[in-house]
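Here the structure is laid out as structure tokens; the discussion comes afterwards.
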Amino acid sequence: MVHDTTVLLDERRVFEPSEEIKKRALIKNWDEEIEKGKDIEKYWSDNAEQFEWFQKWDKVLDDSNKPFYKWFVNGKINLAYNAVDRWIETEKRNQVAIIYINERGEEKKITFYELYIQVNKLANALINLGVKKGDTVSTYMPMCPELLIALLACTKIGAVHSVIYSGLSVGAFVDRINDAKVKVLFTADGTYRRGKVINLKSIADEAILQCPTVETIVVVNHTGTPIEISELSGREIFYDRLIEGEPAYCEPEPMDSEDPLFILYTSGSTGKPKGVLHTTGGYMVGTATTTRLIFDIHDDDLWWCTGDIGWITGHSYVLYGPLLLGTTTVVYEGAPDYPDPGVWWKIVEKYGVTKFYTAPTAIRHLMRFGTRYTNLYNLDSLRILGTVGEPMNPEAWMWYYKNVGKEKCPIMDTWWQTETGMHLISPIPISPLKPGSATRAFPGIEADVVDEEGNPVPEGKGGYLVIKKPWPAMFRNLYKDEERFLDVYWKTFPGCVYRAGDMVRKDEDGYFWIQGRSDDVLKIAGHRIGSAEVESAFVAHPAVVEAAVIGRSDPIKGEVIKAFVILKEGYELKTQLIEDLKKHVRHELGPVAVLGEIVQVDKLPKTRSGKIMRRILRAHEMGEDLGDTSTLEE
Ligand code: PRX
């Protein structure tokens, strides 16, 4: 969604940090830190020193084969060891590592020691299942402790994890599992959502029939929904049974810095989702450093990122970032407004959350309830707030700042992507803030705005967002699709700069104002979904010949889907068919694919080579000039 960020509110002013924030801040001078970051090798290697390496790297960055960069070359390390085992020898041993809370008000607290034992047992169990270094393990699970334990257990033995978001459905599930040749799948009986239990197992059961590589399915009995043992086929086993009697120690696998850590599928503008591949050493350094410096992490912090582990935010900032710093992380399973729209603020009060990180769509949703719920609870424990996933409109920023942060908590509007692994553009706590701007590139990151040819554009003028230097948590490839990796990200502009896929504008202070995607990727409630994927889902319905989808602006979700469909002869777009189509797309893709509107058309605008010109549909939708239509078929 393109926000008109040029027209701001009355409060078109710069928000300065309080004395309290400045006093605690780990970085005291923003410009100096950015200056320090210009020597990227020194900057990132200094930050890498805080970890325990089994063998130190002998070169920080190998850029001899761009864009196949290597970080911390020949370093040997284990990320689970650094996130969990390391703390067992310290005073953090009995500190809570994970606070799991759900919408029913149930909680589970797991200390670093307990987490260590659980991870070890599961890691041993995975080894017994025949999982070896480099094998792929998938999860299709709720936000529950076993999910974090499963990912850490994979990391401990060098298995590559590939998480499937629990809000995705059968079609999306099958594609992801088969593409990654998954050996073991973790799932659960269900997940809590607005007073109901969503049966994840039945979706997994349906999907798994089409997934021949999966040898074992591990089922967590999370909601206590009875699952008949007889339902469990030869390849299924309950989680509790699996870890029973397993030894409580497992040797961490020494991983090369560049060994794969995980694959996470995300949507692009064309075709199937892309398997974004992240590796070990650089990802660890990048996520931990940004968590620490952007959210100013101290030993007394209680961290809560509301993102789901099914997306990159959950990987980097629910799981790895905080645990690598020995920080307690809150894991919440449920919606932001159930049982009522005060549920998040109630949790902040009850546990004394100090750092709170969420998505603009959630803020826009909650701000509809005014101050009723934010005033009901004591939010004084909060020190720093954050947002991620889409442009933060200034109105929502102000509401968040005033009513949640009580005008004393700076808001970190963090720009990044599945591909970047870590925050790349973001303020730090002492930064002067402008509502709606992600401010400047993080130290060590060089971001810029360029035109179609790759030339830098002047201040104030919009253009394409590019990153000009490598960064440690960058993705290393697209799984089994190197050509797409090179074409989509590295070949658009000269000089091997990274093309982010966003439109952006830089103001007179060098602040970035992200305006939305420049391609056919939609952002629905912060979730990323490709137009092409939704179109394929439509076309798989017997009534549809052809479909084109674009994003339609939505006040809460940012964008929802507007679909243009050509129907087969004999079909008409009546209420029943609309309902059927909605159900069908939801079944294929899951509830993330929110359909705002479906319209029937006779023709779609196409290029002479037959490619749908979504640009024309978008321009038409916004009542804008159609632009260059010289390639239009008719
Ligand atoms: O368009 C940008 C938007 O989210 C995209 C990346 O989506 P995904 O890979 O799902 O990762 C989301 C969580 C990191 C970007 O290309 N985006 C992300 N953060 C911001 C943002 N847009 C504006 N402001 C942000 N802070």
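The values are calculated or read from the model by the stated rules, or taken from the named source; none is laboratory data. From a predicted model like this one, the values you see are computed outputs, not experimental measurements. Please note: Cβ atoms are built from the backbone with ideal geometry, for glycine as well, and neighbour counts cover all protein chains shown. Only protein heavy atoms, including side chains, enter the accessible area calculation; ligands, DNA and RNA are left aside. Shrake-Rupley method; radii C 1.70, N 1.55, O 1.52, S 1.80 Å.
Quick notes on this structure:
- Here the spin labels are modelled as points 7 Å beyond Cα on the Cα-Cβ line, and at Asp299 and Arg615 they lie 5.7 nm apart.
- The length gained on full extension between Asp240 and Asn94, counted as 0.36 nm times the residue separation minus their Cα-Cα distance, comes to 50.2 nm.
- Using R0 = 51 Å, the C-beta based FRET efficiency linking Ser553 and Glu251 works out to 0.45.
- The phi torsions of region 556-572, fed into the Karplus equation with coefficients 6.51, -1.76 and 1.60 and a -60° offset, translate into couplings of 9, 7, x, 9, 10, 7, 10, 10, 10, 10, 9, 9, 5, 4, x, 9, 10 Hz, rounded to whole numbers, with Gly and Pro shown as x.
- Cα-based shape type of region 83-253, given that a ≥ b ≥ c are square roots of the gyration tensor eigenvalues and the cut on a/c is 1.5: oblate
- Rounded to the nearest 20 debye, the dipole size of the chain about its Cα centre is 420 debye, using +1 on the Cβ of Lys and Arg and -1 on the Cβ of Asp and Glu.
- Annotation: peptides 481-488, 584-591, ranked by per-residue average of other Cβ atoms within 10 Å with the highest first, follow the order 584-591, 481-488.
- In this structure, the amide hydrogen of Gly516, modeled 1.01 Å from its nitrogen in the peptide plane, lies closer than 5 angstrom to those of Met503, counting only residues at least 5 positions away or on a different chain.
- Cα-projected label distance for Ser64 with Asp519, points at 7 Å along beta-carbon direction, nm: 3.0 nm
- In this rough spin-label picture, where each label sits 7 Å from Cα along the Cβ direction, the Glu482-Tyr338 distance is 4.6 nm.
- Sparsely packed loop sites in region 303-385 (the trypsin sites (Lys or Arg not before Pro) outside DSSP H, G, I, E and B with at most 15 other Cβ atoms within 10 Å) comprise Arg368, Arg372.
- Using a cut-off of 22 Å between Cα atoms, the listed pairs Lys557/Lys582; Lys355/Lys408; Lys156/Lys181; Lys350/Lys406; Lys28/Lys76; Lys109/Lys402 include Lys28/Lys76; Lys109/Lys402 as exceeding that distance.
- Percent accessible area from carbon and sulfur atoms, region 476-609, protein chains only, probe 1.4 Å: 48 percent
- Rolling a 1.4 Å probe over the protein chains gives Arg292 an accessible area of about 80 Å².
- Cα gyration tensor shape for the chain, rounded if a/c is under 1.5, else prolate or oblate: rounded
- Near the amide H of Gln600, within less than 5 Å, lie the amide hydrogens of Val565, all on another chain or at least 5 residues away, with H placed in the peptide plane.
- Amide H contacts of Thr223 (H built 1.01 Å from N, in plane; Pro and chain starts excluded): Asp189, Gly190 sit under 5 Å, all sequence-distant by 5 or more or on other chains.
- Long pairs among Lys56/Lys133; Lys70/Lys92; Lys196/Lys346; Lys56/Lys132, criterion Cα-Cα beyond 30 Å: Lys70/Lys92
- The helix-based estimate of mean residue ellipticity at 222 nm for the chain, built from -39,500 (n - 2.57) per DSSP H run of four or more residues and divided by its residue count, is -7000 deg cm²/dmol to the nearest 500.
- DSSP assigns beta bridges within the chain; of those with both partners inside it, close to 60 percent run antiparallel.
- Peptide packing for 553-564, 61-72 was compared via the average number of neighbouring C-beta atoms within 10 Å per residue; ordered from the highest value, the list is 553-564, 61-72.
- When peptides 94-107, 151-164 are sorted by average Cβ neighbour count within 10 Å, with the highest value leading, the order is 151-164, 94-107.
- Applying 0.36 nm per residue to the separation of Lys402 and Gln576 and subtracting their alpha-carbon distance, the gain on full extension is 58.1 nm.
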